[in-house]
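The values are calculated or read from the model by the stated rules, or taken from the named source; none is laboratory data. Bear in mind the structure is a predicted one, so any value in this text is a computation, not a measurement. Quick reminder, even Gly has a Cβ in these numbers, built from the backbone with ideal geometry, and neighbours come from all protein chains shown. In case anyone asks, the SASA skips ligands and DNA or RNA and just uses the protein heavy atoms, side chains included. Shrake-Rupley method; radii C 1.70, N 1.55, O 1.52, S 1.80 Å.
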Amino acid sequence: MSQQKTDSLPPITLTVLSGPDAGVTRSFRKEKITLGRDQTNDFVLSDGFVSNCHGEIFVNSETLKYVDLKSRHGSLVIVNNISTHLHHPAATGGARLADTSEIQLGCSVIRVTRLANPKKISESVESSISVQGVPRNVEPAAGEHLITVALQTETKLSGKNSSKDKGMEVIFNLVKNLNGQNSLEHVIRDINKAAFEAFSSANFFSITLGETPEEIENTQPFLTTDRDGDDDAIPILSRSILRQAAQTEESILWVKDSMGMDVSKSIVEAKIDSCLCAPLIGQQGLLGVMQVDTRGRGSLFGKNDLNLFNVLASSAAFAVERAKLSNNIVRMFEGFVEASVTAIEARDPTTAGHSHRVAEYTVTLAEATNLSTDPVYGDFSLSTEELTELRYAALLHDFGKIAVNENVLSKATRISELNISLISRRFDLIKVMEHNIALKAFADAIAKDEKPARSIDEINADYLSFCSYLDEKLEWLEKCNRVGYLPDEDIATVKEFSSKTFLDQRGVITPYLTAAEVENLTIQRGNLNEEDWKNMRSHAAQSEEYLKRIPWSPALKDVPCIAGRHHEKLDGSGYPLGLLADDITAQVRMLTIADIFDALTAADRPYRKAATVERASKILTEEAEDNKLDIALVSTFLDVVVPKVLHLIPSLQKSN
């Protein structure tokens with residue numbers, strides 16, 4: 001086209017009012033302006049519901065016309081408050097535009113403006129347009145494809161507008177309300193409400209989810225309800241209409257023939273005179289089918305109602321697909337958490353179920369504080385999102401145990417059965433060596449024609465007595481190895497016994513017990529020595545470190561620090577950071593209480609018996625009185641939580 005002919009055309013300005021590209025504006029002086037997602041278009045949109053080559057605007061000195069091309073969802077043209085739905089190929093003739101009109105492509109509403117007094121627009125202006133400071137040629141970040149509506153004052157519909165325009169206002173408000181909504185149930189409830197507000201003749205709404213026509217036809221609807229909000233227990237639907245909408249992926253307007261044409265039994269039984277049915281088409285294909293009908297009211301829908309219903313279905317499809325994606329992500333993450341917990345606890349079977357119980361105890365305590373009227377809690381309350389965050393932190397609080405030495409994690413006694421076996425063999429050697437020494441002394445005396453110090457009978461008797469002594473010591477050491485608490489006198493006995501030596505077969509003086517055996521057998525409480533405890537305690541810091549590597553959403557960003565600090569105490573005696581009360585959040589305090597309670601009341605361990613609920617409660621109270629645990633939270637835990645979780649406590653289940 002020549003420059004002279006181009007200059008004679010009126011300038012056309014396109015402004016995106018809503019959708020992912022809201023705020024974008026460009027001006028053109030061309031005979032044809034193409035719109036779509038493909039980068040070859042004159043006006044490029046990032047809206048996922050816009051087709052690659054969606055539509056064209058034809059311009060001449062007298063008229064403007066919009067034509068829908070190979071679009072998947074069609075186009076809605078709004079001129080002088082009158083809406084026209086175009087869908088290729090049925091609408092190849094297009095629609096005439098006024099000097100100011102609006103076109104909806106997918107979730108994007110575009111204002112088309114033709115200037116009455118054209119002025120020359122430089123190419124530099126056209127090429128410098130940006131979206132909220134982001135250059136137009138920059139791809140939107142993941143998650144930017146959200147429905148957003150920012151209706152300007154002049155685009156709001158007045159009270160004098162037609163019912164169709166009021167319906168559009170309802171849909172615009174719906175789109176705004178669905179922005180950021182991730183719950184599929186809430187999304188569909190909002191769509192249901194909007195359907196009855198937009199269609200005054202409608203008396204029934206249903207939505208059926210499925211990815212194939214067969215699945216939709218044979219699946220119970222996700223939601224069915226009448227205008228009064230009553231859910232139908234056994235809804236009467238026209239499966240033929242559902243099937244046709246799903247198979248053709250086209251909207252249907254059905255009106256009962258005034259001459260009494262044959263209709264399905266379900267339509268007769270439901271007293272349906274008119275029905276609107278539309279497929280929900282997402283970026284990945286069919287999502288389901290949505291319908292409204294006039295059952296029992298005798299009202300009829302018209303073509304304008306079908307056009308409006310298409311707009312509602314398009315918005316609904318976007319929101320449903322987004323919600324389903326969010327739900328899939330949540331399920332996937334729940335699976336990851338469950339697999340992680342299973343993997344952690346598989347390394348230490350004695351703690352099986354610990355993480356799930358701690359999560360249950362912690363969340364129950366948090367919910368109890370939310371409901372408490374105790375002034376000590378003031379306005380403190382955790383939101384639903386914060387409760388979810390706390391639950392994940394509780395489930396994953398021992399995540400760092402994947403870095404703990406296997407021998408430490410599975411250490412059931414002070415020394416292993418292998419070590420006990422080695423001691424037993426050593427004692428057998430000591431018996432033999434001591435007997436051999438006595439026999440050699442006897443033989444040497446005889447050889448020198450001297451009287452032996454002991455007779456053979458005495459030597460054998462002493463040997464049997466010495467064997468009994470070592471056998472008793474071994475049995476006693478095995479007992480010391482298993483008990484949960486070793487008194488001071490027993491520790492002293494072990495050390496005294498370990499000072500004994502013997503001459504081994506190499507002629508080397510060797511102690512009855514090695515230094516490592518003495519160190520472990522003199523552990524007063526439990527079965528971990530200092531080095532073991534250092535390795536075990538590292539799990540808290542490792543939990544936070546590993547969990548930080550997960551790209552948590554803003555609502556879950558504190559999971560790592562809550563999980564990693566569950567061994568902190570208010571007086572600074574905890575680990576790994578030795579935090580004081582002011583630096584320990586309420587969520588961490590709750591998790592700490594729950595973790596201690598379950599560790600005390602869990603099933604019997606090889607080195608100790610499970611504490612009774614009364615004993616565990618006494619220990620928590622003492623810790624609170626010593627300013628190690630939050631005294632108010634401990635009180636709520638014992639008074640409110642414990643009675644609710646008795647059925648979960650392993651020691652009680654075992655006794656029952």
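Laid out as a table, the results:
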read-out: Degrees between helix 239-248 axis and first principal axis of the chain (Cα, 0 to 90, nearest 10); value: 90 degrees
read-out: From the C-alpha gyration tensor of the chain, square roots of 5λ in Å; value: 80, 29, 24
read-out: Modelled FRET efficiency - R0 30 Å, K534 with K440, Cβ distances, 0.05 increments; value: 0.05
read-out: Förster radius 25 Å - calculated FRET efficiency between W476 and R425 (Cβ-Cβ, nearest 0.05); value: 0.90
read-out: Among beta bridges that DSSP assigns inside the chain, antiparallel share in %, nearest 5; value: 95 percent
read-out: The stretch 356-484: radius of gyration over Cα atoms, expressed as a fraction of 2.2 N^0.38 Å; value: 2.25
read-out: Peptides ranked, highest mean first, by Cβ atoms within 10 Å: ranges 312-322, 46-56, 450-460, 620-630; value: 312-322, 46-56, 620-630, 450-460
read-out: Label-to-label distance, nm, for residues given as R189 and N328 (7 Å Cα→Cβ offset); value: 2.5 nm
read-out: Spacing of the two label points (7 Å from each Cα toward its C-beta) at F497 and E214, in nm; value: 7.4 nm
read-out: Debye intensity ratio I(q)/I(0), log10, the stretch 532-656, q values 0.13, 0.14, 0.15, 0.18 Å⁻¹ (C-alpha model); value: -0.60, -0.69, -0.78, -1.06
read-out: Rounded to whole Hz, the Karplus (6.51, -1.76, 1.60) HN-Hα couplings of the stretch 271-281, x for glycine and proline; value: 6, 8, 9, 7, 8, 10, 9, 9, x, 9, 10
read-out: ³J(HN,Hα), Karplus 6.51/-1.76/1.60, whole Hz, each residue of the stretch 564-570, x for Gly, Pro; value: x, 10, 6, 10, 6, 10, 4
read-out: With all protein chains modelled, accessible area of R426 [1.4 Å, Å²]; value: 40 Å²
read-out: Per-pair calculated FRET efficiency, R0 = 56 Å: E249 and S372 via Cβ, rounded to 0.05; value: 0.55
read-out: Tilt relative to the chain, helix 586-601 - C-alpha long axis, 0 to 90 degrees, to 10; value: 40 degrees
read-out: Between the stretch 543-614 and the stretch 274-323, the alpha-carbon center distance in angstrom; value: 50 Å
read-out: Over 21 Å between alpha carbons, listed pairs K411/K479; K401/K618; K166/K271; K473/K495; K534/K557; value: K401/K618; K166/K271; K534/K557
read-out: Probe 1.4 Å, accessible area per residue of the stretch 521-653, Å²; value: 47 Å²
read-out: Share of carbon and sulfur in the accessible heavy-atom surface of the stretch 293-339 [1.4 Å probe, %]; value: 60 percent
read-out: Helix 456-482 axis, angle to the chain major axis (alpha carbon atoms, nearest 10°); value: 20 degrees
read-out: Net lengthening on full extension, V483/K70 (0.36 nm per residue, minus Cα-Cα); value: 140.8 nm
read-out: Charge dipole magnitude, Cβ of K and R +1, D and E -1 - the chain, Cα centre, debye nearest 20; value: 2160 debye
read-out: With 5 Å bins from 0: P(r) over the stretch 477-558, alpha-carbon pairs, percent; value: 3, 12, 16, 14, 11, 9, 8, 7, 6, 5, 4, 2, 2, 1
